[in-house]
Structures are given as structure tokens and as C-alpha cells.
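S.K.: My questions will all concern the structure given below.
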Amino acid sequence: MTFVWLDEAKLELSEAALYYQWQEQGLGESFIDQVEAAARKIIRDPTLPREFDPPFRKVATKRFPYQVIYVIEPETVLIVAVMHQHREPGYWRDRLDT
């Protein structure tokens, strides 16, 4: 199975990491580490988290108020968003061509 990040999700990851790095030296790297840990959980078993808003699934990061939002397609796990948990839920729904 292929693992693909939408450009919007990559941008969200980058912007949040820069914000945290600006807040405290090393915090941006820690944020990226936590998002990567969430991504590894998805890779190990993408079907483990149930759909919360079909077809979307999510895995929370530790220490940071972010969730990795993704969908499972026939041959691909598609990372749709790196979403802050307290901001405008669902803004990423229109990123899929379904």
C-alpha cells in the first residue's frame, strides 16, 4: 500500500512546525516527530481507527493538539490534513475528489 500526503497536509505540517519552532527552540522538531509517530501508527494498521466521518479516519498526536486525518483508498493511504483540534473542524472535507 502506498502512503501519500496531500500538498495541503504537507503545508499544514510545515506551518505548524515553524510556529512551534518559533515558540521554543526544538519544539518544531518535536512536533514533526509526533506527527511522524502518528503516521507510523497509520502505516502499521490503517484500518485500526474506525471511520469518524466516512471515509475519513484520524490519529491524534501526543503532546500537541493535532490529528492526522486520512482516508484509505484501494492501493493508497492518503493523508488529507494535519488538523489542529480546536480550529474549524471539517475544513478538509472538500480536499477529496469524490
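S.K.: Select from segment 74-98 the residues that are loosely packed, with under 14 Cβ neighbours inside 10 Å and assigned to a loop (DSSP other than H, G, I, E, B) and list them in ascending order.
M.R.: PRO74, GLU75, GLN85, HIS86, ARG87, GLU88, PRO89, GLY90, TYR91, LEU96, ASP97, THR98 - these are the residues of segment 74-98 that are loosely packed, with under 14 Cβ neighbours inside 10 Å and assigned to a loop (DSSP other than H, G, I, E, B).
S.K.: Does segment 51-63 contain at least one residue that is modelled with pLDDT under 95 and either exposed (fewer than 10 other Cβ atoms within 10 Å of the Cβ) or in contact with a Phe, Trp or Tyr (Cβ under 9 Å, 6 or more places away or on another chain) (or both)?
M.R.: Taking every residue of segment 51-63 in turn, at least one turns out to be modelled with pLDDT under 95 and either exposed (fewer than 10 other Cβ atoms within 10 Å of the Cβ) or in contact with a Phe, Trp or Tyr (Cβ under 9 Å, 6 or more places away or on another chain) (or both).
S.K.: Name the pairs whose Cβ atoms lie under 7 Å apart, with the first residue in segment 68-85 and touching a residue at least 12 places away in the same chain (Cβ under 8 Å), the second exposed (fewer than 14 other Cβ atoms within 10 Å of the Cβ) and hydroxyl-bearing (Ser, Thr, Tyr), and 6 or more positions between them or separate chains?
M.R.: That search, which allows pairs on different chains as well, returns ILE72/THR47; GLU75/THR2; THR76/THR2.
S.K.: Among the residues of segment 21-45 satisfying the criterion of being closer than 22 Å to TYR91 by Cα and in contact (Cβ under 8 Å) with a residue 40 or more places away in the chain, which is surrounded by the fewest Cβ atoms within 10 Å (Cβ to Cβ)?
M.R.: Here the residue is ALA39.
The values are calculated or read from the model by the stated rules, or taken from the named source; none is laboratory data. The structure presented is a predicted model; accordingly, all values stated were derived computationally and were not measured. Don't worry about glycine lacking a Cβ; one is built from the backbone with ideal geometry, like all the others, and counts go over all protein chains shown.
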